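Read the figures in this text as sums done on the coordinates, not as results from a lab. If you're wondering where the values come from, they're calculated on a predicted model, not measured in any experiment. Ideal geometry is used to build each Cβ from the backbone, glycine not excepted, and the neighbour counts take in all protein chains shown.
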Amino acid sequence: MTDAVLTTDELAVTYTGNREVEALKGVSLEFPENQLTAIIGPSGCGKSTLLKSLNRLHEIQPNVDIAGNVVLGDQSIYNTDEPTPELRKRIGYVPQTPTALPLSIYENVAYGLKIHGEYDSKAELDDQVEHYLRKVNLWDEVEDRLETPGAELSTGQIQRLCLARSLAVEPEVLLCDEVTSALDPISAEQVEATLEELKAEYTIVMVTHSMDQAKRLADTVVFLYLGELVETNDTQSFFENPQHERTQEFVKGHTAVEYADTESESDANAGEPVAPNR
Amino acid sequence: MSESIESTESNTKRSRIGRRLRIERLSSYWLGGAGYFAIALFVLIVLTLLYQSAPLLSEYSIVQMLTSSNWDPAQNEFGFMPAIVGTIYVTVLSMAMGTPIAIFAAIYIAEYAEGRAKTLIGSFIDVLAAIPSVIFGLVALIVVVPFVGDYLAPAVGSSATGLGIFTVSLVMAIVVTPFMISLSVESLEALPDELRESSLGVGATKWETIRIVLLRAAGPGIFSAILLGFGRVFGATIVPAMLIGGQTQLPDSPFATGQTLPTLIVNDFGELMSLPLTQSALIFVGLMLVVVVWLFNFGAMLVRSRLQRRWQY
């Protein structure tokens with residue numbers, strides 16, 4: 001096991017809107033370097049909340065209280081003088097819905113580089129854009145139309161474009177929020193293949209609702225339930241030898257969903273908090 | 001016996017579905033009728049205006065009337081130039097004052113304001129937008145007119161009573177700005193949060209996100225808001241009629257009194273209606289207003305749909 005680059009220490013998130021919802025109740029985790037960690041659990045269990053609180057992205061919503069700590073390397077991201085944009089550059093984020101910025105394909109990838117001024121010449125920028133588009137296996141599909149709007153690509157291509165845009169600022173950690181859930185099976189496969197290649201070089205934390213995807217891609221699996229950490233283990237042990245009753249039920253229940261009907265899914269959903277209004 | 005019951009049942013069923021389908025067909029007729037009525041109304045208005053303008057157009061040359069600055073209906077002099085210049089003056093000045101404020105305020109409300117401040121400011125802007133413009137005209141007569149006449153105009157070396165083009169522009173900017181803010185806030189708030197997250201997620205600041213991403217994505221909506229504001233200033237009647245001074249001459253400064261196309265109509269219609277040519281001239285003014293506003297709406301629609309296709313938001 002490699003060293004952890006990102007750790008959480010009793011991280012708790014509470015939505016304090018009309019109704020108070022404890023979305024995350026003191027979660028301590030370690031995300032190992034250059035591995036892919038999958039966060040799974042029933043919907044509304046706090047997966048996305050956990051992910052967003054790792055780079056303070058939840059702060060764009062009002063009425064969120066946070067306690068505990070997140071440490072990147074040896075630096076807390078909450079008790080720090082480092083400006084939030086710098087932190088977010090080091091911990092990138094790819095949202096669930098494939099989202100092209102209202103810019104050309106080229107500018108979508110160059111976006112972060114330009115903002116941080118991390119290039120010396122147009123030629124260098126061109127090289128960087130090509131490099132990252134190749135990295136996400138998109139270059140061959142777009143090299144002759146870099147100036148067209150990113151939004152004209154298919155959703156699967158846009159999702160890979162998002163990966164390229166996030167990777168271009170060389171984050172130490174990449175957060176992916178259900179990045180394949182909005183895609184058709186073939187596009188999802190392509191994005192998965194890309195992630196598969198990327199995980200050797202980057203520390204990736206991925207939220208997924210698909211247990212099969214976690215099985216296929218993840219080195220480590222984290223199981224959340226109702227805002228609490230139930231179990232975390234390397235992928236093989238997690239699925240073959242789940243330690244907690246809840247995990248056993250969830251893994252088993254999921255299998256039942258796959259082969260039978262939605263009965264066990266409604267069990268899994270029983271009593272879970274409704275996602276707070278955004 | 002049982003057969004006959006069944007057949008009665010199926011008969012009722014059949015007549016029931018028959019009735020439902022009849023209502024279905026009818027509803028599509030009368031709903032469609034309501035829709036086409038809007039088109040018919042527009043055509044009817046334009047035709048009426050055209051028909052009523054004909055007497056004037058048959059006697060005088062359009063180009064000559066549009067470029068002449070002599071407006072004296074009693075002498076059959078119909079120069080529209082002063083009113084046209086006045087209208088352009090007011091529209092450009094109002095939009096120049098209102099648009100930047102509208103966009104900045106919309107950004108503040110949609111992206112920066114939180115909690116109670118947001119609700120408070122938002123609802124006050126809606127209240128402002130709902131105040132009848134005659135109230136703005138009245139308040140302006142008491143407050144803005146003396147201010148412009150006694151302080152602002154002398155300060156820039158111009159003498160004025162306070163009534164005039166600048167005053168109208170200022171008040172019209174105040175009238176349409178809340179309206180443009182409301183619509184711009186709506187289009188900013190309709191953007192998916194993923195856009196903000198994507199941009200912030202690579203380390204952009206909030207302002208960079210707004211400037212490069214959000215304003216562009218909300219562009220079509222904000223653009224429409226501005227054009228709707230433009231249309232309202234262009235066609236504004238009551239505020240200019242109260243504050244412009246009503247002198248039909250080419251304005252020589254922003255503080256000069258003047259006339260806009262709508263004030264030309266309201267100022268002269270009552271007394272000069274008995275003169276057929278004058279009536280025709282005023283109706284021709286109406287025709288110009290309709291045509292220009294329609295052209296602008298049409299152009300706005302084209303630009304908007306092109307922008308939307310390009311960025312798909």
message: Quick check on my filter: what residues within the range A:61-117 are among the small types (Gly, Ala, Ser) and in a helix (DSSP H, G or I)?
response: A:Ala110, A:Gly112
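Out of the residues in the range A:40-60 that are within 14 Å of chain B (Cβ to nearest Cβ) and outside any helix (DSSP H, G or I), which is surrounded by the most Cβ atoms within 10 Å (Cβ to Cβ)?
The qualifying residue surrounded by the most Cβ atoms within 10 Å (Cβ to Cβ) is A:Asn55.
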message: Please go through the range B:24-47 and give me each residue that is under 25 Å from the mean Cα position of the chain (by Cα) and either without any contact (Cβ under 8 Å) to a residue 12 or more places away in the chain or not in a helix (DSSP H, G or I) (or both), ordered by number.
response: B:Ala34, B:Gly35, B:Tyr36, B:Phe37, B:Ala38, B:Ile39, B:Ala40, B:Leu41, B:Phe42, B:Val43, B:Leu44, B:Leu47
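Which of the residues belonging to the range B:63-75 are over 13 Å from B:Thr248 (Cβ atoms) and in contact with a helix residue (DSSP H, G or I) (Cβ under 9 Å, 6 or more places away or on another chain)?
Once the filter is applied, which keeps residues that are over 13 Å from B:Thr248 (Cβ atoms) and in contact with a helix residue (DSSP H, G or I) (Cβ under 9 Å, 6 or more places away or on another chain), the range B:63-75 yields B:Met65, B:Leu66, B:Thr67.
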message: For the structure I just gave you, tell me whether B:Thr278 is touching a residue at least 40 places away in the same chain (Cβ under 8 Å), among the hydroxyl-bearing types (Ser, Thr, Tyr), on the phi < 0 side of the Ramachandran plot and part of a helix (DSSP H, G or I).
response: yes
- request: For the range A:185-193, state whether one or more residues are within 14 Å of another protein chain (Cβ to nearest Cβ) and outside any loop (DSSP other than H, G, I, E, B).
  value: no
statement: The condition of being within 25 Å of A:Gln213 (Cα to Cα), within 14 Å of chain B (Cβ to nearest Cβ), in a helix (DSSP H, G or I) and not β-branched (Val, Ile, Thr) holds, among A:Leu163, A:Leu174, A:Leu133, only for A:Leu163
query: Can you name the residue in the range A:66-103 that is of a type in the set (A, V, I, L, M) and within 14 Å of chain B (Cβ to nearest Cβ) and is also farthest from the chain's Cα centre (by Cα) among such residues?
result: A:Leu103
message: Whether any residue in the range A:114-128 is more than 22 Å from the chain's Cα centre (by Cα), among the charged types (D, E, K, R) and within 14 Å of chain B (Cβ to nearest Cβ) is what I want to check.
response: yes
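Any idea which of B:Arg211, B:Arg196 is within 13 Å of another protein chain (Cβ to nearest Cβ), buried (at least 19 other Cβ atoms within 10 Å of the Cβ) and assigned to a helix (DSSP H, G or I)?
After ruling out the rest, the residue left standing is B:Arg196.
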